[in-house]
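A.B. asks: If you scroll down you'll find the structure; I have some questions about it.
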Amino acid sequence: MEENQDRTIRLCHALLSAFDPLIGKQAEITVDLARKMVAGGGFSPCEETWFLQSAWLYHLGVIHLERELLRHRSEGKMTDEDRDIFRLVPAWSANLARLALGSGEVSSIILALRERFDGGGYPNGLAGEAIPWVARCLAVAVHFSESLLEKEEVLEEIERESGKAFDPEAVRLFFKTTQDDLPPQIREVLVSELQPGMMLAKEIVTHNGLLLLPEGAILDASSVTKINNYHLLNEITQRLLIFR
């Protein structure tokens, strides 16, 4: 079954690349990012498979679109009418992915890709953990691969949209596994990875800018619990940096 699914995915990608080479290339970049994020851990074996399959197939629905609309999109010149039509792509892609793989999970991930963590996305206005975890991670990778901005600008945008468009933990996973922008003595961690004995390389602040823990603080069991409890109530949106 896995071999048949892999063959189906390769065929779908070949057809999509023939239809629009740029979109085919974006899918390849997204899959590469997904592989790196999967290697960062935190996914079950099934979720790893769904993540990679969704990364290959999330754009299948564009075959329903006119090439003129795709040209507008690639040039950053979409009209409001173009955007309304493009909002249908997740549903089209989800339906085609279900037909291709027979997987309701992959279909659900693709359908939720354009939801926002703050509830302002589409098609169903889902928010927070109502959005599948894999879809929250895929959303960050897709935004990076599709952006027309320069690399540093899109990275700044992703960080700025943490807690708004994107799940902060998914953003931290993206930076941790795909970006090599930190000094060698510093590494990035997720909230779920914080442990006693770690030393903060950057202060942790509350959502309204108040200091939660200072740079240089050595975490103990109490401070780890404090961070986790705060995160449950008020998502910590910043990157978490510790000394190696």
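A.B. asks: Give, as residue ranges, the helices (runs of 4 or more DSSP H) completely inside region 148-235 that count at least 2 residues that are under 30 Å from L70 (Cα atoms) and of a type outside the set (F, W, Y).
C.D. replies: Where helices (runs of 4 or more DSSP H) fall fully within region 148-235 and carry at least 2 residues being under 30 Å from L70 (Cα atoms) and of a type outside the set (F, W, Y), they are 151-160, 168-178.
A.B. asks: Hey, I85 hits all of (1) among the β-branched types (V, I, T); (2) over 16 Å from L138 (Cα atoms); (3) at pLDDT 90 or above but one; which does it fall short on?
C.D. replies: Single failed check for I85: (3).
A.B. asks: Only residues that are over 30 Å from I29 (Cα atoms) and not assigned by TED's automatic domain parsing to the domain that holds H231: list them for region 176-208, please.
C.D. replies: none
A.B. asks: While we're on this one: Given the criteria free of Cβ contacts under 8 Å to residues at least 60 places away in the same chain and out of contact with any strand residue (DSSP E or B) (no Cβ under 7 Å at 6 or more places or on another chain), does E146 qualify?
C.D. replies: Working: free of Cβ contacts under 8 Å to residues at least 60 places away in the same chain: no; out of contact with any strand residue (DSSP E or B) (no Cβ under 7 Å at 6 or more places or on another chain): yes.
Considered against the rule, which asks whether it is free of Cβ contacts under 8 Å to residues at least 60 places away in the same chain and out of contact with any strand residue (DSSP E or B) (no Cβ under 7 Å at 6 or more places or on another chain), E146 comes out as no.
A.B. asks: Output the helices (runs of 4 or more DSSP H) that fall wholly within region 65-129 and possess 2 or more residues being of a type in the set (K, R) and buried (at least 18 other Cβ atoms within 10 Å of the Cβ), or say none.
C.D. replies: Working: elements: 67-74, 80-86, 89-101, 104-111.
Per the criteria, no element qualifies.
A.B. asks: Then there is this: Show the residue pairs meeting these rules: Cβ distance below 7 Å; 6+ apart or different chains; first residue within region 1-27 and within 14 Å of T49 (Cα to Cα); second residue of a type in the set (S, T, N, Q) and modelled with pLDDT of 85 or more.
C.D. replies: Note: pairs meeting the criteria are I9/Q53.
A.B. asks: Which residues, counting only those in region 187-220, are more than 23 Å from the chain's Cα centre (by Cα) and aliphatic (A, V, I, L, M)?
C.D. replies: Of everything in region 187-220, those that are more than 23 Å from the chain's Cα centre (by Cα) and aliphatic (A, V, I, L, M) turn out to be M198, M199, L200, A201, V205, L210, L211, L212, L213, A217, I218, L219.
A.B. asks: A further question on this structure: Scan (1) within 17 Å of the chain's Cα centre (by Cα); (2) modelled with pLDDT of 95 or more for the single condition T178 breaks and write down its number.
C.D. replies: Against the list (1) within 17 Å of the chain's Cα centre (by Cα); (2) modelled with pLDDT of 95 or more, T178 comes up short only on (2).
A.B. asks: So which of L52, L57 is in contact with a His (Cβ under 9 Å, 6 or more places away or on another chain), free of Cβ contacts under 8 Å to residues at least 60 places away in the same chain and under 30 Å from S192 (Cβ atoms)?
C.D. replies: Of L52, L57, the one residue that is in contact with a His (Cβ under 9 Å, 6 or more places away or on another chain), free of Cβ contacts under 8 Å to residues at least 60 places away in the same chain and under 30 Å from S192 (Cβ atoms) is L57.
A.B. asks: Every residue in region 84-116 that is basic (K, R) and either farther than 18 Å from E146 by Cα or touching a Ser or Thr at 6+ places or on another chain (Cβ under 6 Å) (or both), please.
C.D. replies: Passing the criteria: only R98.
A.B. asks: Filtering region 226-241 down to residues that are more than 13 Å from G163 (Cα to Cα) and out of contact with any strand residue (DSSP E or B) (no Cβ under 6 Å at 6 or more places or on another chain), which residue is surrounded by the most Cβ atoms within 10 Å (Cβ to Cβ)?
C.D. replies: Selected residue: I227.
Condition check ((1) surrounded by 18 or more Cβ atoms within 10 Å (Cβ to Cβ); (2) within 10 Å of the chain's Cα centre (by Cα); (3) aromatic (F, W, Y); (4) within 26 Å of Y230 (Cβ to Cβ)) across all residues:
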| position | (1), (2), (3), (4) |
| --- | --- |
| I131 | yes, no, no, yes |
| A139 | yes, yes, no, yes |
| S145 | yes, no, no, no |
| E153 | no, no, no, no |
| S162 | yes, no, no, yes |
| F174 | yes, yes, yes, yes |
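A.B. asks: Applying the selection to region 27-61, what residues are farther than 21 Å from K176 by Cα and surrounded by fewer than 20 Cβ atoms within 10 Å (Cβ to Cβ)?
C.D. replies: C46
The values are calculated or read from the model by the stated rules, or taken from the named source; none is laboratory data. Since the model is a prediction, treat every value here as computed from it, not as a measurement. Ideal geometry is used to build each Cβ from the backbone, glycine not excepted, and the neighbour counts take in all protein chains shown.
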